[in-house]
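A.B. asks: I'd like to ask you about the structure that follows.
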Amino acid sequence: MEEIDVPPFFICPVSLEIMTDPVTVPTGITYDRESIEKWLFSGKNTACPVTKQVIADCELTPNHTLRRLIQSWCMLNACHGIERIPTPKPPISKAQITELLNDAAKSPLHQIKCLRRLQSIASENATNKRCMESSGAVEFLASIMSNYDPTPVDGLLYNEFEPIRPTDEALNILYNLHLSEAALKNLMRKNGDIVVSLTRVMQRGTCKSRAYAVSLLKSMLEMADPMQLICLRHELFVELVRVLRDRISQQASKATLQLLVSVSPWGRNKVRVAEAGAVPVLIELLLCSSQKRACETILTVLDEVCQCAEGRSELLNHGAGLAIVSKKILRVSHVANQRAVRILLSISKFCATSNVLQEMLQLGIVAKLCLVLQVECGHKTKEKAKEVLKLHARVWMNSPCIPSNLRSSYPASS
């Protein structure tokens with residue numbers, strides 16, 4: 001193919017390639033639709049890439065004139081190997097979405113057809129997803145979720161074996177819409193029972209639906225205000241723990257752990273997490289986990305839960321609780337070190353029975369804390385380790401369980 005000079009106004013400022021579907025944003029700059037959608041919606045940016053002006057209204061206006069010019073230029077240069085650009089399919093309109101939602105109320109069959117059409121529309125591009133957000137589709141899907149019914153619609157099958165369930169379809173669409181922050185906040189505010197609905201899905205849904213429910217809950221609760229986080233129900237935590245125990249998918253476990261990290265500090269949530277049976281499940285996960293980020297997240301949740309008596313009791317009741325927490329020190333990362341030592345500090349402060357102190361000696365925890373003081377692992381971690389050692393210096397300092405090369409590191413009791 002010969003070297004051809006492409007007119008500069010045919011080039012997208014983001015992708016630096018010839019535009020196939022040019023659209024103009026409110027600042028007057030034209031971009032290729034795919035590139036600006038990824039910038040605005042997937043990247044969650046709010047400013048025009050060229051002018052840096054904030055774009056309050058993300059409506060993208062097709063630049064038909066420029067598209068026709070590009071298509072004509074491509075045809076004129078076809079002999080040089082330039083491929084013709086096809087006319088793009090126009091994005092969905094709010095009126096079309098509204099009509100579709102109105103039809104869904106006619107019968108269960110119409111509802112299923114509407115859900116399948118919405119799924120298809122959402123899969124086409126990010127503009128369609130945002131159009132669905134602003135046309136009431138999110139509220140429609142949430143209303144189906146609030147009337148959760150795992151019963152399939154009679155006579156309708158994905159294939160010969162798998163029945164169609166409206167609630168599963170609605171959840172699938174909600175998850176794949178990748179809702180904006182505004183939509184997530186609106187969903188929490190206008191649909192107060194959405195958390196209850198998603199909890200029901202985790203109780204009775206398929207593995208796929210449970211995974212979608214957890215991921216959607218994580219996104220929603222990250223946008224929730226403190227009062228909403230304080231009022232979370234015990235049943236939710238029971239189901240979150242069950243997702244971890246069942247290990248339905250790596251993605252679901254990751255989302256569940258991140259969700260627990262974000263909600264545990266609020267109100268009595270750390271107690272609810274402990275009462276739901278999370279601690280033994282987290283310990284089992286920690287025992288078989290070698291991934292850095294997973295270990296850090298599990299230890300972070302355990303650290304939060306061990307700030308309440310119920311969590312500390314559960315940790316001590318597990319035969320491997322103290323041992324695995326200690327084992328992760330100096331083996332994962334600075335973050336893991338800090339979290340693990342904080343857990344040991346909570347135990348040392350509030351659960352220091354003679355049996356616990358002896359167990360910490362025999363497991364090598366005291367020696368490990370002395371080693372922490374000798375190596376580079378962060379000032380805060382060293383201070384916490386020193387605090388633990390000082391608390392029980394009379395019991396531990398001269399113990400033969402501490403190797404002589406580490407005993408010199410033992411801090412003097414205050």
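The values are calculated or read from the model by the stated rules, or taken from the named source; none is laboratory data. Just so we're clear, the structure is a prediction, and the values are computed from it rather than from any experiment. Neighbour counts run over all protein chains shown; Cβ positions are idealised from the backbone, glycine included. Areas reflect the complete protein model, heavy atoms only, side chains present, ligands, DNA and RNA absent. Shrake-Rupley method; radii C 1.70, N 1.55, O 1.52, S 1.80 Å.
A.B. asks: Looking at VAL279, VAL301, VAL273 in this structure, which one is over 19 Å from CYS207 (Cα atoms), more than 19 Å from the chain's Cα centre (by Cα) and either in the same structural domain as HIS318 (by the TED database) or surrounded by fewer than 21 Cβ atoms within 10 Å (Cβ to Cβ) (or both)?
C.D. replies: On inspection, the qualifying residue turns out to be VAL279.
A.B. asks: All but one of (1) more than 35 Å from the chain's Cα centre (by Cα); (2) open to solvent by 70 Å² or more (accessible area, probe 1.4 Å) hold for MET360; state the number of the condition that does not hold.
C.D. replies: Evaluating MET360 over (1) more than 35 Å from the chain's Cα centre (by Cα); (2) open to solvent by 70 Å² or more (accessible area, probe 1.4 Å) leaves (2) as the failure.
A.B. asks: Let me ask you something else. Determine, yes or no, whether ALA385 is open to solvent by less than 10 Å² (accessible area, probe 1.4 Å), assigned by the TED database to the domain that holds ARG293 and out of contact with any Lys or Arg (no Cβ under 8 Å at 6 or more places or on another chain).
C.D. replies: Working: open to solvent by less than 10 Å² (accessible area, probe 1.4 Å): yes; assigned by the TED database to the domain that holds ARG293: yes; out of contact with any Lys or Arg (no Cβ under 8 Å at 6 or more places or on another chain): yes.
Considered against the rule, which asks whether it is open to solvent by less than 10 Å² (accessible area, probe 1.4 Å), assigned by the TED database to the domain that holds ARG293 and out of contact with any Lys or Arg (no Cβ under 8 Å at 6 or more places or on another chain), ALA385 comes out as yes.
A.B. asks: Please pick out the residue among GLN338, GLN358 that is within 29 Å of ASN269 (Cβ to Cβ) and in the same structural domain as VAL279 (by the TED database).
C.D. replies: Only one candidate passes the filter, namely GLN338.
A.B. asks: Check segment 395-413 and report whether any residue there is in contact (Cβ under 8 Å) with a residue 24 or more places away in the chain, in a helix (DSSP H, G or I) and more than 20 Å from LEU330 (Cβ to Cβ). First the steps, then the outcome.
C.D. replies: Residues of segment 395-413 that are in contact (Cβ under 8 Å) with a residue 24 or more places away in the chain, as a first pass: 395-396, 399, 401-403, 406-407, 409-411.
In the following step, the residues that additionally are in a helix (DSSP H, G or I) were identified as 395-396, 406-407.
Going one step further and asking which of them are more than 20 Å from LEU330 (Cβ to Cβ), we end up with 395.
Yes - at least one qualifying residue is present in segment 395-413.
A.B. asks: Restricted to segment 388-414, and to residues that are in contact with a Lys or Arg (Cβ under 7 Å, 6 or more places away or on another chain) and polar (S, T, N, Q), which residue is modelled with the highest pLDDT?
C.D. replies: Per the criteria, the residue is SER413.
A.B. asks: Does segment 54-64 contain any residue that is touching a Phe, Trp or Tyr at 6+ places or on another chain (Cβ under 9 Å), within 18 Å of CYS131 (Cα to Cα), outside the structural domain of MET132 (by the TED database) and not in a loop (DSSP other than H, G, I, E, B)? Walk me through it before giving the result.
C.D. replies: Our first condition is that a residue be touching a Phe, Trp or Tyr at 6+ places or on another chain (Cβ under 9 Å); within segment 54-64, this holds for 58, 60.
Going one step further and asking which of them are within 18 Å of CYS131 (Cα to Cα), we end up with 58, 60.
When the remaining residues are screened for being outside the structural domain of MET132 (by the TED database), the result is 58, 60.
The next check asks that each one be not in a loop (DSSP other than H, G, I, E, B); those that pass are none.
No, every residue in segment 54-64 fails to be touching a Phe, Trp or Tyr at 6+ places or on another chain (Cβ under 9 Å), within 18 Å of CYS131 (Cα to Cα), outside the structural domain of MET132 (by the TED database) and not in a loop (DSSP other than H, G, I, E, B).
A.B. asks: Here is a follow-up. Kindly indicate the residue of segment 8-39 that is in contact (Cβ under 8 Å) with a residue 40 or more places away in the chain and open to solvent by less than 40 Å² (accessible area, probe 1.4 Å) and also nearest to the chain's Cα centre (by Cα) among those meeting that condition.
C.D. replies: Quick first cut of segment 8-39, residues in contact (Cβ under 8 Å) with a residue 40 or more places away in the chain only: 9-10, 18-23, 33-34, 37-38.
Within this subset, residues satisfying the condition of being open to solvent by less than 40 Å² (accessible area, probe 1.4 Å) are 10, 19, 21-23, 33, 37.
Working: PHE10: 38, MET19: 33, ASP21: 32, PRO22: 33, VAL23: 31, ARG33: 27, GLU37: 21 Å.
Only one residue fits best here, namely GLU37.
A.B. asks: Also, I was wondering about something else. Every residue in segment 40-53 that is open to solvent by 20 Å² or more (accessible area, probe 1.4 Å) and out of contact with any strand residue (DSSP E or B) (no Cβ under 7 Å at 6 or more places or on another chain), please.
C.D. replies: Let us first name the residues in segment 40-53 that are open to solvent by 20 Å² or more (accessible area, probe 1.4 Å), namely 41-47, 49-53.
Those that are open to solvent by 20 Å² or more (accessible area, probe 1.4 Å) and out of contact with any strand residue (DSSP E or B) (no Cβ under 7 Å at 6 or more places or on another chain): PHE41, SER42, GLY43, LYS44, ASN45, PRO49, VAL50, THR51, LYS52.
A.B. asks: Another question, if that's okay. Which condition from (1) modelled with pLDDT under 90; (2) closer than 17 Å to VAL238 by Cα; (3) open to solvent by less than 50 Å² (accessible area, probe 1.4 Å) is the one that ALA183 breaks?
C.D. replies: Answer for ALA183: the failing condition is (2).
A.B. asks: Determine whether LEU330 is more than 14 Å from LEU287 (Cα to Cα), open to solvent by 10 Å² or more (accessible area, probe 1.4 Å) and assigned to a loop (DSSP other than H, G, I, E, B). Full working, then the answer.
C.D. replies: Details: more than 14 Å from LEU287 (Cα to Cα): yes; open to solvent by 10 Å² or more (accessible area, probe 1.4 Å): yes; assigned to a loop (DSSP other than H, G, I, E, B): yes.
Taking the combined requirement at face value, the residue satisfies it.
A.B. asks: Look through CYS377, CYS370 and report the one residue that is of a type outside the set (Phe, Trp, Tyr), at pLDDT below 95 and outside any helix (DSSP H, G or I).
C.D. replies: So the residue among CYS377, CYS370 that is of a type outside the set (Phe, Trp, Tyr), at pLDDT below 95 and outside any helix (DSSP H, G or I) is CYS377.
A.B. asks: Here's a check for you: in segment 20-53, which residue that is part of a strand (DSSP E or B) and of a type in the set (A, V, I, L, M, F, W, C) is nearest to PRO7 (Cα to Cα)?
C.D. replies: VAL23
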